[in-house]
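The values are calculated or read from the model by the stated rules, or taken from the named source; none is laboratory data. Quantities reported herein were computed from a predicted structural model and do not represent experimental measurements. Virtual Cβ from ideal backbone geometry, glycine too; neighbours counted across all protein chains shown.
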Amino acid sequence: MQIDVVTIFPGMFPGALGCSILKRAQQAGRLRVTVHDLRDYTHDKRRTVDDRPYGGGPGMVMRVEPIFEAVEAILGAEATTQHRNGARTQQTILMSPQGQPLTSALARRLAGMDRLLILCGHYEGVDERVKRVVNLSVSIGDYVLTGGELPAMVLIDSVARFLPGVIGHAQATAEESFADGLLEYPHYTRPKVFREMAVPKVLLSGDHEAIGTWRKLQAMAKTLASRPDLVTASVRNEQQRGS
């Protein structure tokens, strides 16, 4: 997969992209990430990417021209005229608190694309006309950050984990939190007892059926305690599949 990121702070990305699973995914050729400086697509001496909003108000708004030019330079001139009917293997994404919530299901769907172009918003937001080159807006939560760079890193990491060969164990993404609509069951490792806290006996039994049942019950209990909204959604989905 090829991921292009357009940002005014390209220096924020090498640390996140150069460590752990993302680093190994790139070294293995499973993932390519190219970071583009939006200021390279400006034409004034100050390399201006923002301006005051029409109608007044606080803050600055990211200008439409450099963003259009960046998208056209990276994806081709047709990207700004045919984006709505673009190939299903390519998505242009705007990171925005007004976007669709990032979920495990969305990350998995995006991992099926050949290419993603991620636009990092900043200031008070972007000129609304930027939406003309955007297929999808994505939010990582109901809060506002200083820019779209951190959310872009979160999106890249969550998508990369679903790329074939990136995570070593084939079942790793199938059994984690949100994969089946619930939080993941508890995990334990050695020692068997630590400061009088013992590993549940069922996990030491070797009875895989009993372990599976225990894990399902624990996942349900954990979800009910921390995220009851997920249980409601999971039950609703089961009902819809059964109807």
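From GLY121, GLY148, which residue is under 24 Å from GLY15 (Cα atoms), in contact with a Cys (Cβ under 6 Å, 6 or more places away or on another chain) and surrounded by 12 or more Cβ atoms within 10 Å (Cβ to Cβ)? Give the derivation first.
Details: GLY121 fails: in contact with a Cys (Cβ under 6 Å, 6 or more places away or on another chain).
Just one listed residue meets the conditions, GLY148.
Report, by residue number, each residue of the range 16-25 that is part of a loop (DSSP other than H, G, I, E, B) and buried (at least 18 other Cβ atoms within 10 Å of the Cβ).
We begin by selecting, within the range 16-25, every residue part of a loop (DSSP other than H, G, I, E, B); these are 18-19.
None; the set is empty.
Looking at (1) without any contact (Cβ under 8 Å) to a residue 40 or more places away in the chain; (2) closer than 21 Å to LEU119 by Cα, find the lone condition where GLN27 falls short.
(2)
Can you confirm whether THR213 is at pLDDT 95 or above and of a type in the set (Val, Ile, Thr)?
Details: at pLDDT 95 or above: yes; of a type in the set (Val, Ile, Thr): yes.
So THR213 fits the description; yes.
Looking at this structure, is PHE13 touching a residue at least 12 places away in the same chain (Cβ under 8 Å), under 15 Å from VAL130 (Cβ atoms), surrounded by 18 or more Cβ atoms within 10 Å (Cβ to Cβ) and not acidic (Asp, Glu)? Steps first, answer last, please.
Values: touching a residue at least 12 places away in the same chain (Cβ under 8 Å): yes; under 15 Å from VAL130 (Cβ atoms): no; surrounded by 18 or more Cβ atoms within 10 Å (Cβ to Cβ): yes; not acidic (Asp, Glu): yes.
Against the criterion (touching a residue at least 12 places away in the same chain (Cβ under 8 Å), under 15 Å from VAL130 (Cβ atoms), surrounded by 18 or more Cβ atoms within 10 Å (Cβ to Cβ) and not acidic (Asp, Glu)), PHE13 does not qualify.
Which residues, counting only those in the range 100-136, are within 23 Å of ARG52 (Cα to Cα), of a type in the set (Gly, Ala, Ser) and in contact with a helix residue (DSSP H, G or I) (Cβ under 9 Å, 6 or more places away or on another chain)?
Result: GLY121, single match.
Specify the residue that is surrounded by the fewest Cβ atoms within 10 Å (Cβ to Cβ); the eligible residues are those in the range 1-10 that are of a type outside the set (Val, Ile, Thr) and within 27 Å of ARG63 (Cβ to Cβ). I'd like the intermediate steps shown before the answer.
Quick first cut of the range 1-10, residues of a type outside the set (Val, Ile, Thr) only: 1-2, 4, 9-10.
The next check asks that each one be within 27 Å of ARG63 (Cβ to Cβ); those that pass are 2, 4, 9-10.
Details: GLN2: 14, ASP4: 19, PHE9: 16, PRO10: 17.
Only one residue fits best here, namely GLN2.
For ASP4, which of the numbered conditions (1) more than 25 Å from THR89 (Cβ to Cβ); (2) of a type in the set (Asp, Glu); (3) not in a loop (DSSP other than H, G, I, E, B) fails to hold?
(1)
For a quick check of your reading of the model, give me the residue pairs whose first member lies in the range 208-225 and is in contact (Cβ under 8 Å) with a residue 12 or more places away in the chain, whose second is of a type in the set (Val, Ile, Thr) and surrounded by 12 or more Cβ atoms within 10 Å (Cβ to Cβ), with beta-carbon atoms closer than 6 Å and at least 6 apart or on different chains.
So the pair list comes out as TRP214/VAL202; THR223/VAL231.
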